[in-house]
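Some notes on the structure that comes next.
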Amino acid sequence: MKHIINLYESINSTARNNSDCPPVVLPEEIFFTISIVGVLENLMVLLTVIKNKNLQSPMYFFICSLAISDMLGSLYKILENILIMFRNMGYLEPQGSFETTADDVVDSLFILSLLGSICSLSVIAADRYITIFHALRYHRIVTPRRALVVLMVIWTCCMGSGITIVTFSHHVPTVIAFTALFPLMLAFILCLYLHMFLLARSHARRTSTLPRANMRGAVTLTVLLGVFIFCWAPFVLHVLLMTFCPADPYCACYMSLFQVNGVLIMCNAVIDPFIYAFRSPELRDAFKKMIFCNRYQ
């Protein structure tokens, strides 16, 4: 995000005086390549679900929501690189009104990607919970229409929150609220997840088995959540350290990995589609049919 990068540049020389950790600088080509791959992969997920009526169910709607979040995260870096390229070529006035507005729009995409990912993972967790413990009533509780309404509400709230966060990004309360949202939503998912598996264990003891497909979905959620935490948590920690201890030598050492944390975020968008395909035979077969132009049997 623009304000974080600018703050990092302004204090970097001071922090380096107290730290022996030089900033890790990665080629922009790495970011651009990973971002392009992330956009293409998640776009393929969306097209696969749209083109296959068998996949047009609430569960895959929620997966598409997560794919859109990942795609926005990749698109953010692509647009940022384009803006930097235009500025270096002299087509944009540095710190001009157009660049400032464009930066705010790009930053909004970044925030929207994080918020959308958290909310999508939350609704996937709720869907898995209902699938396992209310299997007989699942299709009455979670209808395609209700799923779409829930997603519309979620994305409307995410868009409003993203614009608000970018508008007031230089205020410490905004940073605190932004970083607090990450552990709070993850705590909700983990509590729901823990409750789900405790009940699943109890249910399995009484009935000897649970539907294998339902448990596969729960395991898929575990993998998605683990990858999300691994890829996004370093950046959230970076924001906290940047706000509260920017000149501390130990904080400066961690903040020298700023670009590495950025690559992790980009990698999340690339990894998630592989998780969908590996864990879902239906989606994997649909991928193959699309790639081989329906000649795959």
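Residue count for segment 163-190 under the criterion of being farther than 20 Å from L225 by Cβ, buried (at least 17 other Cβ atoms within 10 Å of the Cβ), modelled with pLDDT under 80 and aliphatic (A, V, I, L, M): the result is 1.
Pairs meeting the criteria (first residue in segment 226-253 and more than 30 Å from C119 (Cα to Cα) and charged (D, E, K, R), second residue open to solvent by less than 10 Å² (accessible area, probe 1.4 Å) and assigned to a helix (DSSP H, G or I), beta carbons under 9 Å, at least 6 apart or on different chains) are D248/A15. All conditions but one from (1) over 20 Å from V172 (Cα atoms); (2) not in a helix (DSSP H, G or I) apply to V223; the one that does not is (2).
Flag: H139 matches the condition of being open to solvent by 60 Å² or more (accessible area, probe 1.4 Å), of a type outside the set (A, V, I, L, M, F, W, C) and modelled with pLDDT of 85 or more. Go through (1) touching a residue at least 40 places away in the same chain (Cβ under 8 Å); (2) open to solvent by 80 Å² or more (accessible area, probe 1.4 Å) one by one and return the number of the condition V123 breaks. With respect to (1) touching a residue at least 40 places away in the same chain (Cβ under 8 Å); (2) open to solvent by 80 Å² or more (accessible area, probe 1.4 Å), V123 is out only on (2). Pairs meeting the criteria (first residue in segment 23-50 and under 17 Å from C267 (Cβ atoms), second residue of a type outside the set (F, W, Y) and outside any helix (DSSP H, G or I), beta carbons under 6 Å, at least 6 apart or on different chains) are V24/S256; V24/L257.
Scanning segment 136-163 for residues that are touching a Ser or Thr at 6+ places or on another chain (Cβ under 8 Å) and not hydrophobic (A, V, I, L, M, F, W, C) yields a count of 3. Kindly check whether there is at least one residue in segment 274-283 that is at pLDDT below 80, more than 30 Å from V172 (Cβ to Cβ) and not in a helix (DSSP H, G or I). Within segment 274-283, one or more residues are at pLDDT below 80, more than 30 Å from V172 (Cβ to Cβ) and not in a helix (DSSP H, G or I). Is at least one residue of segment 155-162 modelled with pLDDT under 80, among the hydroxyl-bearing types (S, T, Y) and at negative phi? So far as segment 155-162 goes, no, none of its residues is modelled with pLDDT under 80, among the hydroxyl-bearing types (S, T, Y) and at negative phi. Would you confirm whether any residue within segment 131-150 is under 22 Å from L75 (Cβ atoms), in a helix (DSSP H, G or I), under 21 Å from the mean Cα position of the chain (by Cα) and among the β-branched types (V, I, T)? No, every residue in segment 131-150 fails to be under 22 Å from L75 (Cβ atoms), in a helix (DSSP H, G or I), under 21 Å from the mean Cα position of the chain (by Cα) and among the β-branched types (V, I, T).
Regarding V239, is this residue open to solvent by less than 10 Å² (accessible area, probe 1.4 Å) and modelled with pLDDT under 85? Against the criterion (open to solvent by less than 10 Å² (accessible area, probe 1.4 Å) and modelled with pLDDT under 85), V239 qualifies.
Return a yes/no flag: does segment 191-205 have any residue that is at pLDDT 80 or above and either open to solvent by less than 30 Å² (accessible area, probe 1.4 Å) or out of contact with any strand residue (DSSP E or B) (no Cβ under 8 Å at 6 or more places or on another chain) (or both). Yes, the conditions are met somewhere in segment 191-205. Just so you know, in segment 24-79 the residues that are open to solvent by 30 Å² or more (accessible area, probe 1.4 Å) and among the aromatic types (F, W, Y) include one that is modelled with the highest pLDDT, and it is F61.
The values are calculated or read from the model by the stated rules, or taken from the named source; none is laboratory data. No experiment lies behind these values; they were computed from the predicted model shown. Backbone-built Cβ (ideal geometry, glycine too); neighbour counts: all protein chains shown. With ligands, DNA and RNA removed, areas are computed over all heavy atoms of the protein, side chains included. Shrake-Rupley method; radii C 1.70, N 1.55, O 1.52, S 1.80 Å.
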